[in-house]
1. Quick one: in region 51-152, what % of C-alpha pairs are over 23 Å apart?
2. How large is the Kirkwood hydrodynamic radius of region 68-114, in angstrom, based on all distinct alpha carbon pairs?
3. Ordered by packing density, taken as the mean number of other Cβ atoms within 10 Å over each peptide's residues, highest first, how do 140-148, 75-83 rank?
4. Working out 0.36 nm times the residue gap between residue 102 and residue 72, then minus their Cα-Cα distance, what length gain in nm do you get to one decimal?
Amino acid sequence: MSEHVCPQRNVTEVHESKSQLSRKNFLTAIAATAATLGLSGIAESATAATKKYKVCSTKDVKVGSANIFQIAAAANLMVLVTQPKAGVFRAFNPSCTHQGFQLSGISKTNLVCNVHGAQFSTNTGAVTRGPASRALGKYTISQTGTTLYISL
Ligand code: FES
């Protein structure tokens, strides 16, 4: 019976992720089209739809570790940040793609969900151990000085 429940949750999460990507692609296409037509005001508005949110300092995530941050300015969005190699930062949705529980550990190069044992790469978010079958949702992360941002 739980086998039936789990995929439905995953489908919902994937659907939300695809919606965000579709919206972003749509806005990018509008910006490109408007710029081509010389409608710079429209292009700027479409591009401005993507917002950057401050997440943390680079010092808050040590090499080989991970931390979860709450972004108050983005409706209390939770973001998991890793630093798999020195100077390389990644940002993920901290919800396990198996049943949506928050990831709670790290083992070498894997983020761990202690509920049923799923593991995900700290570098790519890919599943490295089931029962989860889908990668973690990713956020675009950028760095200015020692501050990390995500773009939504
Ligand atoms: S919720 Fe089942 S492994 Fe994470």
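1. Of all Cα-Cα pairs in region 51-152, 20 percent lie more than 23 Å apart.
2. So the Kirkwood estimate lands at 11.5 Å.
3. Going from most to least packed, we get 75-83, 140-148.
4. Length gained between residue 102 and residue 72: 9.0 nm.
Each reported figure results from applying straightforward, stated rules to the coordinates on display, with no laboratory input. What you are looking at is a predicted structure, and each value in this text was computed from that prediction instead of being measured. Reconstructed Cβ throughout: ideal geometry from the backbone, glycine too, with neighbour counts over all protein chains shown.
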